[in-house]
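> Following this message is one structure expressed as structure tokens.
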Ligand code: 13P
Ligand code: SF4
């Protein structure tokens with residue numbers, strides 16, 4: 001069954017000149033048929049450079065929106081319109097606007113995990129792959145707001161010695177991981193190296209041997225002489241880790257033995273069948289007004305340009 005679905009996806013992809021972009025948190029079957037797998041930074045760059053006529057984005061809604069903002073004349077489709085993000089949802093437009101207006105001297109750095117509307121209220125966008133460098137690119141005395149992830153923002157404050165004002169948002173997946181459980185696992189598996197995503201809370205990050213974006217984690221594992229890893233992020237990443245490192249061992253950090261709590265319920269809405277339906281029917285299309293595209297594009301372009309200038313992307 002799946003072989004037929006995959007063959008049909010490949011045929012339609014070619015026929016329609018479509019490109020499939022997939023985030024590391026997608027199910028293994030989708031990662032395996034994607035043209036590009038990456039973290040948010042890498043996928044935004046791919047989206048900005050593609051010559052395909054259709055972009056099928058296998059991730060969540062804000063990622064599809066970003067691809068559309070960067071490619072207003074192209075058709076951007078996603079397999080499931082309900083694939084949202086708790087972090088993006090934790091930052092409603094009107095509330096954030098009032099917060100920003102209450103701090104007129106502050107510039108706003110927003111994590112890419114936010115809606116297009118929030119992007120219009122931002123001076124620059126960042127991802128976990130470039131956040132540190134972008135924060136440091138501002139003069140030390142420039143007051144900054146960081147939204148919407150308080151965990152990533154807090155981590156950046158500790159790393160850079162800044163005192164950015166933090167919006168109180170979190171990712172429901174990373175928020176569930178506790179230092180208590182990580183410590184238990186560390187005692188059970190003392191020869192494992194802990195790598196963590198900066199969306200984890202401070203007490204989990206304190207225990208980590210390495211902290212980075214999904215792509216940075218994949219790179220770290222590949223280049224490391226260590227062979228055993230505890231992984232503190234969404235479970236989908238383990239597929240690439242195992243594929244690229246067949247001789248290394250991985251344990252995904254959960255909150256309890258065997259729970260599926262670090263599956264992102266949104267990322268996991270996408271299936272191969274939905275990908276096929278999406279390509280066939282060219283649904284579900286991301287549609288944004290011209291005004292929203294023009295306003296939300298500026299801080300994303302600023303991010304891509306600064307990231308290039310800083311040598312973080314080519
Ligand atoms: P990165 O892939 O940029 O590390 O982000 C993780 C994430 O939460 C995406 O939703
Ligand atoms: Fe959003 Fe967290 Fe899911 Fe990423 S893992 S899409 S931040 S809810």
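What follows is calculated from the coordinates using simple rules that are stated; it is not laboratory data. All values reported here derive from a predicted model rather than from experimental measurement. Ideal geometry is used to build each Cβ from the backbone, glycine not excepted, and the neighbour counts take in all protein chains shown.
> Treating region 202-268 as a set of equal point scatterers at the Cα positions, no solvent, please give the Debye-formula log₁₀ I(q)/I(0) at q = 0.12, 0.17 Å⁻¹.
-0.31, -0.62
> Taking the inverse of the average 1/r across all pairs of different Cα atoms in the chain, what Kirkwood radius in Å do you get?
19.9 Å
> Using a simple spin-label model with points 7 Å from Cα along the Cα→Cβ vector, what separation in nm is obtained for residue 310 and residue 159?
Simple spin-label model gives 0.9 nm for this pair.
> Mind giving me the FRET efficiency for residue 98 and residue 255? R0 is 25 Å, r the Cβ-Cβ distance, nearest 0.05 is fine.
0.15
> What residue among 205, 144, 12 shows peak mean-square fluctuation when the chain is described by a Gaussian network model with Cα springs under 10 Å?
Ranking 205, 144, 12 by mean-square fluctuation puts 12 first.
> At a 10 Å Cβ-Cβ cut-off, how would you order 32, 80, fewest neighbours first?
Ordered by Cβ neighbours within 10 Å, fewest first: 32, 80.
> Tally the DSSP beta bridges in the chain and give the antiparallel ones as a percent, rounded to 5.
5 percent
> Say R0 is 35 Å: what FRET efficiency, to the nearest 0.05, do residue 168 and residue 228 get from their beta-carbon distance?
Once the sixth-power term is evaluated, E becomes 0.45.
> Percent of Cα-Cα pairs more than 22 Å apart in region 1-104, please.
Here the long-distance tail beyond 22 Å is 37 percent of all Cα pairs in region 1-104.
> I've got another one for you. Pop out the Kirkwood hydrodynamic radius of region 77-212 from its pairwise C-alpha distances, inverse of mean 1/r, in Å to one decimal.
15.9 Å
> Can I ask one more? If the chain between residue 3 and residue 140 were fully stretched, how many nm would it gain, using 0.36 nm times the residue separation less the Cα-Cα distance?
Stretched fully, the residue 3-residue 140 segment lengthens by 43.8 nm.
> How much mean residue ellipticity at 222 nm does the chain get from its helices, if each DSSP H run of length 4 or more adds -39500 (n - 2.57) and you divide by all residues, to the nearest 500 deg cm²/dmol?
-12500 deg cm²/dmol
> Take the alpha-carbon centre of region 244-314, take the same for region 39-79, and report the distance between them in whole Å.
9 Å
> Of all the C-alpha pairs in region 99-163, what % are more than 20 Å from each other?
18 percent
> Another one. Based only on the alpha carbon positions, what is the Kirkwood hydrodynamic radius of region 171-288, in angstrom?
15.4 Å
> So if I take the centroid of the Cα atoms in region 152-167 and the same for region 182-196, what is the distance between those two points in Å?
That distance is 26 Å.
> With r defined as the distance between the Cβ atoms of residue 107 and residue 11 and R0 fixed at 51 Å, what FRET efficiency is calculated, to the nearest 0.05?
Step by step, r from the Cβ atoms, then E = 0.60.
> Grab the eigenvalues of the alpha-carbon gyration tensor for region 66-141, scale each by 5, take roots, and send me the semi-axes largest first in whole angstrom.
Here the semi-axes work out to 25, 16, 12 Å.
> Mean separation of Cα pairs under 8 Å and 6+ residues apart, divided by the residue count of region 8-164: what relative contact order is that in percent?
Across region 8-164, relative contact order equals 17 percent.
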